[in-house]
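What follows is calculated from the coordinates using simple rules that are stated; it is not laboratory data. Not measured: the values here are computed from a predicted model. Cβ coordinates were reconstructed from backbone atoms using ideal geometry, including for glycine residues, and neighbour counts include every protein chain displayed.
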Amino acid sequence: TQAPVNVTVTGAAGQIGYALLFRIASGQLLGQDKPVRLRLLEIPQAVKAAEGTALELEDGAFPLLAGIDIFDDPKQAFEGANIALLVGARPRTKGMERGDLLEANGGIFKPQGEAINAGAADDIKVLVVGNPANTNALIAKAHAPDVPAERFTAMTRLDHNRAIAQLAKKLGVSVSDIKKMTIWGNHSATQYPDIFNAEVKGQNAAEAVNDREWLENEFIPRVAKRGAEIIEARGASSAASAANAAIDHIYNWVNGTPEGDWVSMGVPSDGSYGVPEGLISSFPVVCKNGSYEIVQGLEINEFSRARIDASVAELVEERDAVTKLGLV
Ligand code: NAX
């Protein structure tokens, strides 16, 4: 049998953590042949709640769960980590300016980047879920100079999945009929879900829809603001769907994307599609043998170009703000 894979999860006592940990333990993160050891990181006040979740995980009697350790110190939590899911973050509270938010999160993601640099396994793969996810990933990456930059990714898979679901609903097809969806840019309201390069049963999705009014005034804003719609309906932010997307992101990164399809991931730009190098921006990617590549050569029409540029401009602003704060 294989040695367990060490999976570090931060914010383990939060609502995404609660939905995520059981799916990791059941083998859905990496595959049914891979035992996992959970390393949970929480702030001291939430360690007890994480311990409670650990008791429930024990009660799941998951054959693939090799152990659970709980920490309030990032250095210990990331020791030997093969996969790191950075879920815990400082939410924006009333009256908080964006600069305050970025600074508070710098206080979390800088030490976590340092801890990953110091102690994670050589094959470490990092997914940042905690918002502002792209810029938090940028901060963590900046403090892990010994880790290859491409191992730091941010989650836009929930947006990707939301876009597929909305498009399938519009066309009255199954979600599995839709391929090659792309989210470009920032995981924020400026993100751009692109159906011009997507396919429905092999046909171009934008042509299949053929409804510019729906695209501009329903689809794009609905996907971009779906988080707010969930909060409005549920009285709490997306949790199980976010956990599901985190599972999808890592599963594909580790096990590959299906032939003839791709997924969206926030990854350090190599300059593709005019996105400044080093920014963590969402791109279409194909995963194979445990690594990913940005899909090249897609046609970007004028409509798409303007929207990608707007979201990337926001990422540049966030980067400049954290640079000024000395966080990157
Ligand atoms: P919760 O507030 O339920 O849980 C967050 C947990 O993180 C808490 O238990 C808190 O104690 C812990 N935490 C805070 N600082 C920490 C630190 N320094 N080290 C370790 N743990 C720490 O939030 P939840 O609903 O679980 O959401 C978590 C994050 O995901 C938020 O930042 C949220 O905005 C973000 N999201 C990102 C999404 C994406 O698509 N990228 C979608 C869902 C979600 O909104």
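Quick notes on this one:
- Formal net charge of residues neighbouring G260 (Cβ-Cβ distance under 11 Å; K, R +1; D, E -1): -1
- Model label sites at V175 and A310, defined 7 Å from Cα along the beta-carbon direction, differ in position by 2.7 nm.
- Taking θ as phi - 60° and the Karplus parameters 6.51, -1.76 and 1.60, the scalar couplings of the stretch 64-71 work out to 8, 8, 8, x, 9, 10, 10, 9 Hz in sequence order, x denoting glycine and proline.
- Over all pairs of different C-alpha atoms in the stretch 183-270, the reciprocal of the mean inverse distance, the Kirkwood hydrodynamic radius, equals 15.0 Å.
- Kirkwood-type hydrodynamic radius, the chain: 20.0 Å, calculated from all non-identical alpha-carbon pairs.
- In the stretch 42-108, GluC sites (Glu not before Pro) in a DSSP loop with at most 16 other beta-carbon atoms within 10 Å: E97
- Total formal charge among the other residues, if their Cβ is under 10 angstrom from that of E79, Lys/Arg +1 and Asp/Glu -1: 0
- Note that the stretch 301-310 has calculated 3J(HN,Hα) couplings of 7, 4, 4, 5, 4, 4, 6, 4, 4, 5 Hz, one per residue in order, obtained from phi through the Karplus relation 6.51 cos²θ - 1.76 cosθ + 1.60 (θ = phi - 60°); glycine and proline are x.
- Local net charge near E218, Cβ-Cβ under 10 Å (Lys/Arg +1, Asp/Glu -1): -1
- In this structure the amide hydrogen of V275, modeled in the peptide plane, comes within under 5 Å of no amide hydrogen from residues 5 or more places off or on another chain.
- Hits among lysines - C-alpha to C-alpha of K180 under 25 Å, sequence gap 8 or more where chains match: K125, K169, K170, K201, K225, K288
- Where a label projected 7 Å from the Cα of E229 along Cα→Cβ would reach, residues of the stretch 148-162 with amide N under 11 Å: 162
- Shape category assigned to the stretch 227-310 from the gyration tensor of Cα positions, a/c cut at 1.5: oblate
- Taking GluC sites (Glu not before Pro) across the stretch 247-328, the ones in a DSSP loop with at most 12 further Cβ atoms lying within 10 angstrom of their Cβ are E259, E277, E299.
- Residues of type aspartates and glutamates that K141 reaches as a straight line, Cα spacing below 14 Å, ignoring anything fewer than 8 places off in the same chain: E114, E150, E277
- Note on R92 and T323: the extension gain reaches 81.2 nm, defined as 0.36 nm multiplied by sequence separation minus the Cα-Cα distance.
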